[in-house]
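Some notes on the structure that comes next.
The values are calculated or read from the model by the stated rules, or taken from the named source; none is laboratory data. What you see is a predicted model; the values in this text were computed from it and never measured. Cβ atoms come from the backbone with ideal geometry, glycine included; neighbour counts cover every protein chain shown.
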Amino acid sequence: MMCRSAREPSPTLPSGPVETLRILSPHRREVRLEYSRAFANWLRQNYRRSASVIWLDVGGTSKMLKEIESRFQANPDSAGVDLMFGGGIDPYLAAVRMNWIEPLSPLPEALADIPPQVAGSPVWDSAGHWFGVALSSFGILYNRPLLERLGLPEPREWADLARPEYRSWIGSGDPRSSGSVHMCYEIILQALGFEDGWRLISRLCANVRSFGESGGTVPREVAAGDIAAGMVIDQYGQTVIAAVGDNRLALVLPARQTVVNADPIAQLRGAPQRDLARLFIEFVLSPEGQRLLFQPAGVNGQRFTLHRMPVRPELYDEPNAPAVNPYTMPATLLYNSLKGSKRWNILNDLLGAWLLDAHAGLRRAWEAIIQRGLLPHEVSLLTDPPISEEKLLDLAEQWNNPRLRQETIARWSRDADHRYRSLLHPQPEPPRP
Amino acid sequence: MNRLRLPVQLLVLATVAYLGFFLIWPLAHVFENAFRDPRGFTPFYIVNLFRNPAVREAARNSFLLALLVTLLTTAIALPLAWLFSRHTFPGKTPLSAALLLPMILPPFVSAVGMKILFARAGAISTLLMRLGLANQPVDWFGAQPLLGIVVLESLHLFPILFLNLSAALANIDPSLEEAALNLGATPGRVFRRVTLPLAAPGLFAGMTLVFVWSFTELGTPLVFGVRRVLPVLIYDGVAEIGSNPAAYAQVVFVLLVAALGFWIGKYATNRHRQVATLGRLSVSRTEVSLSPLGSILAWLALATLLFVAVLPHLSILFLAVSRRWFLTVLPESWTLAFIRQALDSDLTRAALVNSLGLSLAATFLDAALGFSIAWICLRTRLWGRDALDALAMIPLAVPGLVVAFGYLGAFGSVFRGSLLDPRHNPYILLAAGYSIRRLPYMVRAAHAGLEQVSLTYEEAAANLGASPWRIVQRITLPLLSANLLAGAILCFAFSMLEVSDSLILAQAERFYPLTKAIYTLMDALENGVNVAAALGAWAMLLLGAALLWATALLGRRIGQMFRTG
Amino acid sequence: MTPHAISVQNLSRRFGTVVALDNVSLDIQAGELFFLLGPSGCGKTTLLRILAGLEKADSGRILFEGHDIANRPPHERGAPMVFQNYALWPHLTVAENIAFGLVERRISRSEITRRVQEALALVELKGLGDRRPGQLSGGQQQRVVLARALVLNPRIVLLDEPLSNLDAKLRHEMREEIGALHARTDITFVYVTHDQTEALSLADRMAVMSNGRILGLGTPADLYHRPPNPFCASFLGEANLFPLRFDGSLPSGPVVISTPFGSWYATAVAPLSRTALCMIRPEHLRPEEVESPPQPAGRANRLEARIVHSRMMGSLLFLQMEAAEIRLHAVVLNRPEAVRALQTGRTLPWFVSPDETILLPDHTP
């Protein structure tokens, strides 16, 4: 059977053969489809070349990183893929450290029009490793009629999601597979500090009904009414709001507790199609490529509205542009990408072992504590950070040792299980010093 | 058969090579990698497997799930089979055909429907609140997501057990039960002391099939968002296939459990089968005709069961034509847009074309291989033919998940960048995976057919001057065509709906088969579920028609296709 | 008067349009070895299965020792059956098969063991209790089935064509054994068969059945020598039958009647009018050249018959003859003088004694 290449309209037949560009990406299908279509057109019109994009879909951001690692382990010279695209800055910093990325030199011309920073966060890497294509913010999506029916207040900040009234009405994806979910947790840790952040996250997770896999879980479940609220990346929230209606769903960005984060693209070392990869990067940074991010379906052949913020500041003046311009927002929370990237994997495993894998126990313990009247010392026992931030960053250095990693995860899981089990029964108040 | 010796030997060689390359080698690769890391051989990952509480919990959940599904399926199928094999009532024939209906959709698709129907703000919940039976939305599967999976898989799998059991019950010589009655056993005691032990082979075979199936089912837990089961853990491990042996260790464990379950079923089956073929059916069975009241009760019970079993399918149909179904009993508005969209988006059209092509390829391959193997086993005296048969039956004990994982690991590393690299192009491996998975069913279909074709027909043809090859062509194949066709239809239908191979092996959208397209669509944020449901509705239509056709060809013998022993 | 072991009264059963039993009545004495004999489809098995409770009658009564059991379920009838195909449970050992009914009767374990051993001894299968039925020969399986029934010390045992799955030699042996077993007990046996040899050789009394009706009832000798109708005459052994017409009527008993061979002395089994069927068993036709007729010779019926065909079969000579355009069969002991005398083509004088010349109604009721 002959495989059919992606069906793009081909009004003018270019001279050369069809080239293929391979991109690993956690972007959702709609995003991939728009880029496939628009890039092929752009290339045909400007270079009279014909290309089709093969999107390798292995799941979320973490799975993408694992896939790259796996591919480089099989063949240290090349992953057989040209680009990685999307997933937030932190994974790209990790990829730079792992020497998976080949910096672009000279830098793409389009960077002349793009500021290197937004609201205190980097937009592109001056060494040419990665380039932000879109800007993301993170907030809380909630279902209005449902909250009304349940008699719950509308959430305004992260801490609202940790309130006991919300028990079983909160949703979350899995930070281990979804980059955007991971970012939400990392933002809370950085916005509140590690210890307070962890305490909030613990209670939030105890409120979670069940953990889905992808970043799409929360928007889908909020829209379906399975949960009342959850943390989302802005584009997912906006997409379901557009589909279901803003009388039902709303997205709030917690004031002073969220960041604007660039969503980059990078060329992988040993890319089979380096020339084409560079053209793709040029395209996504060009005004034409940038408009894909926000122009509504129906305009310029666009089929899906992507609800994303461009990195080119001048586009915010265009009629269809997003209402909020992040370049004019004050830098309230300085997000430390270096820290975030360094502990990306270990934080996933820590969250995984303590809050996700042990979720059943956590929920039961939380329920028991609520029933006993939310005694502060019991809540404190439940949410105590199992490890200090310094220790975590130290351990992160050795996290590529599979045995150490497996053994530590196993120990965490045992400890978590033990802790949540013990909290099923009343705990004595510790003597005050 | 002397003149056929060389061709037959070549055929055997090709068959063994095919099975060796696409079944044994990937399995060997899985085993090798489960016991190896950069430092060489190590039992560490197998030993460590259960030191990780997450794996422990997953294994516990998977066992529990499989056990519950097996029990529930048995609880449904046993009385049904008894009712159908010992009684007559009006409408029995159409009803027994209707009982196959739940099989026409992989449970992971119906899970979408179920999830929407039983969503917290879904139709059932809303109905209860409207009726005043609940004052808060009921979270059916949120609290007990395993329960949803158990119900759904049981509803999907009970027809298989029903078919196995019906055949087993029908094969029991009625005089064995009469003798027990005659010697003083009450009907209940007869069932316990005679009927059940004699039906045990069919029961065991069916239960094993159900157990292994539900133990390794990937799609349904994925849709229900249940991550803590082994298949999903393995699915998550796919991305780490080159760097983390833990996933290999999990695959080895799943494989061992499946093989063990299969072996237990087989052993029990054989132990009973040795003695179960004594004498001939002496008395034709007199089926008790139910009284009018009994008929009505039977009808009510069957209608309830069918309604519940078909409910997920119905909700898929609803979902496919509805817009906005939230805090209302019925959808707010109706549309045919999704049904249309399911046939003209790039993803869905490519998926249909891919699945049709791949399934056809797998079916042709299986028909050829299945007939060859059955023919070699029954019509030649070739040394080792029993081993060949056993080899062809191995896939019954090997879950699709394991095959797919093995392909990705073995072919992805050795044939990197070639047409055998699933990351590069999964077509060949998908077709091979489909065909390997369905080969036992095809062999069995051909086997059953060949056993019914009396050898004397072929001897008569030889006697009148036909060469062995001409005999196959003019006598054997035509006499077997109904069996082969029915086997092929089932093979095709189930390849179309193969879940784990498709989910794991197809990584680029243009290679997506139907099931992966449905899974992908379910993930889309805008109306993806509706389009997925619409695509599922089309698949349902296809598989329903195929099953009806196969049933028409095979009649009651359709049960033979789903037996393990 | 002690009640009959089994009393069947006006029993009828139809399967769709087929009448399996047509108003059948029958009494079986306690301790009798009673045979139900008839061709396949005559209703004998249906009658047996109704006795066992495995079929229901449409109408009629069944009494076991005077008690109406028509509405009792099969497991309460206490009439174990020996099935045609044995119906030995393949999942149980020989001993477990035999013990089955005892277990259902809640008998103590030790008692069961003892009685199973006894039963095994009774049928000469000692030491085979642990085998599976599949490991036994056909004859041994047959004995197990018998033991399974007899171990219950029943009042009645029902046997459904018990020997039909055995080869000729074994069948003969088992036939003798069943007879011996019956003689040793006081159990009532009801034995269904289509094989007249079995019935004639074993039965105390028998019923000959056809089309759901009983056409003959009596001892084997009675039915063989004085069959009440043409069906019994031809179904039990061989018979030469030829029609006769006469004026008026004949009483039952010795009569004189004119035949194509002259005026004959004969025995009528029933009063007859205008027509009759004359029955002569082949072995009752005797050649005068070999065997001289009894004195006084005038009492023997004589005829001249031409030998058309003769065939030697071991101890007997089978002859086909023609006399007055009537075909006759004769069976003569195979002695040299008989072979010499009975050459094909010869016409010889034959005689038959009057009480072996039987007159029957010419139709079966």
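Taking strands (runs of 3 or more DSSP E) as the structural unit, those lying wholly within region C:154-250 and holding at least 3 residues that are β-branched (Val, Ile, Thr), touching a residue at least 60 places away in the same chain (Cβ under 8 Å) and buried (at least 16 other Cβ atoms within 10 Å of the Cβ) correspond to C:188-193.
Checked against the criteria, B:LEU548 does not count as within 14 Å of chain A (Cβ to nearest Cβ), in a helix (DSSP H, G or I) and either of a type outside the set (Lys, Arg) or buried (at least 24 other Cβ atoms within 10 Å of the Cβ) (or both). Scanning region B:294-329 for residues that are within 14 Å of another protein chain (Cβ to nearest Cβ) and crowded, with 18+ Cβ neighbours inside 10 Å, we see that the one that is farthest from A:ARG144 (Cα to Cα) is B:SER315. When C:ALA121, C:ALA147 are checked against the criterion of being without any contact (Cβ under 8 Å) to a residue 12 or more places away in the chain and either over 22 Å from C:LEU36 (Cα atoms) or assigned to a helix (DSSP H, G or I) (or both), a single residue qualifies: C:ALA121.
Of all the residues that make up region B:226-267, how many are in contact with a helix residue (DSSP H, G or I) (Cβ under 6 Å, 6 or more places away or on another chain), among the aromatic types (Phe, Trp, Tyr) and farther than 16 Å from A:GLN406 by Cβ? Going through region B:226-267 one residue at a time, the tally reaches 1. Listed by first and then second residue, the pairs linking a residue in region A:308-330 that is among the basic types (Lys, Arg) to a residue that is assigned to a helix (DSSP H, G or I), with Cβ atoms under 6 Å apart and 6 or more places separating them unless they lie on different chains, are A:ARG308/A:GLN235; A:ARG312/A:ASP113; A:ARG312/A:GLN290.
Within region C:99-115, is there a residue that is surrounded by 15 or more Cβ atoms within 10 Å (Cβ to Cβ), within 27 Å of the chain's Cα centre (by Cα) and more than 10 Å from every other protein chain (Cβ to nearest Cβ)? Checking region C:99-115: not a single residue is surrounded by 15 or more Cβ atoms within 10 Å (Cβ to Cβ), within 27 Å of the chain's Cα centre (by Cα) and more than 10 Å from every other protein chain (Cβ to nearest Cβ). There is no residue in region B:455-475 that is within 25 Å of the chain's Cα centre (by Cα) and at pLDDT below 80. Against the conditions (1) within 14 Å of another protein chain (Cβ to nearest Cβ); (2) in contact (Cβ under 8 Å) with a residue 24 or more places away in the chain, where does A:PRO402 fall short? Just the number, please. Every condition holds for A:PRO402 apart from (2). The residue that is surrounded by the most Cβ atoms within 10 Å (Cβ to Cβ), counting only those in region B:388-439 that are of a type in the set (Ser, Thr, Tyr) and more than 20 Å from A:SER70 (Cα to Cα), is B:TYR434. Please specify each residue of region C:298-316 satisfying the condition of being surrounded by fewer than 19 Cβ atoms within 10 Å (Cβ to Cβ) and either in contact (Cβ under 8 Å) with a residue 12 or more places away in the chain or under 30 Å from the mean Cα position of the chain (by Cα) (or both). Within region C:298-316, C:ARG299, C:ARG302, C:GLU304, C:ARG306, C:VAL308, C:HIS309, C:ARG311, C:MET312, C:MET313, C:GLY314, C:SER315, C:LEU316 qualify.
With respect to B:ALA81, is the statement that it is surrounded by fewer than 19 Cβ atoms within 10 Å (Cβ to Cβ), assigned by TED's automatic domain parsing to the domain that holds B:HIS313 and among the hydrophobic types (A, V, I, L, M, F, W, C) true?
Against the criterion (surrounded by fewer than 19 Cβ atoms within 10 Å (Cβ to Cβ), assigned by TED's automatic domain parsing to the domain that holds B:HIS313 and among the hydrophobic types (A, V, I, L, M, F, W, C)), B:ALA81 does not qualify.
From B:ALA539, B:ALA533, B:ALA524, grab the single residue that is away from every other protein chain (no Cβ under 14 Å) and modelled with pLDDT of 75 or more. Full working, then the answer.
Working: B:ALA533 fails: away from every other protein chain (no Cβ under 14 Å); B:ALA524 fails: away from every other protein chain (no Cβ under 14 Å).
Being away from every other protein chain (no Cβ under 14 Å) and modelled with pLDDT of 75 or more holds for just one of B:ALA539, B:ALA533, B:ALA524, which is B:ALA539.
Counting only strands (runs of 3 or more DSSP E) that sit completely within region A:175-255, those holding 1 or more residues that are modelled with pLDDT under 90 and within 14 Å of chain B (Cβ to nearest Cβ) correspond to A:208-211.
Hey, among the residues in region B:243-275 that are modelled with pLDDT under 75 and over 21 Å from B:LEU67 (Cβ atoms), which one's farthest from the other protein chains (Cβ to nearest Cβ)? The extreme case among them is B:ASN270.
When the residues of region B:330-360 are filtered to those that are touching a residue at least 40 places away in the same chain (Cβ under 8 Å) and either in contact with a strand residue (DSSP E or B) (Cβ under 7 Å, 6 or more places away or on another chain) or part of a loop (DSSP other than H, G, I, E, B) (or both), which remaining residue is farthest from the other protein chains (Cβ to nearest Cβ)? Among those residues, the one meeting the criterion is B:LEU330. For region C:66-98, the set of residues classified as more than 8 Å from chain B (Cβ to nearest Cβ), of a type in the set (D, E, K, R) and in a loop (DSSP other than H, G, I, E, B) consists of C:ARG72 only.
Just one of the listed residues (B:ARG227, B:ARG120, B:ARG192) is in a loop (DSSP other than H, G, I, E, B), farther than 21 Å from B:ILE518 by Cβ and charged (D, E, K, R), and it is B:ARG120. The single residue among A:ILE387, A:ILE370 that is in a loop (DSSP other than H, G, I, E, B), among the β-branched types (Val, Ile, Thr) and outside the structural domain of A:SER70 (by TED's automatic domain parsing) turns out to be A:ILE387. Residue selection: A:SER136 satisfies the criterion of being under 24 Å from A:ALA323 (Cβ atoms) and of a type in the set (Ser, Thr, Tyr).
None of B:LEU105, B:LEU127, B:LEU131, B:LEU100 is surrounded by fewer than 22 Cβ atoms within 10 Å (Cβ to Cβ) and within 32 Å of the chain's Cα centre (by Cα) except B:LEU100.
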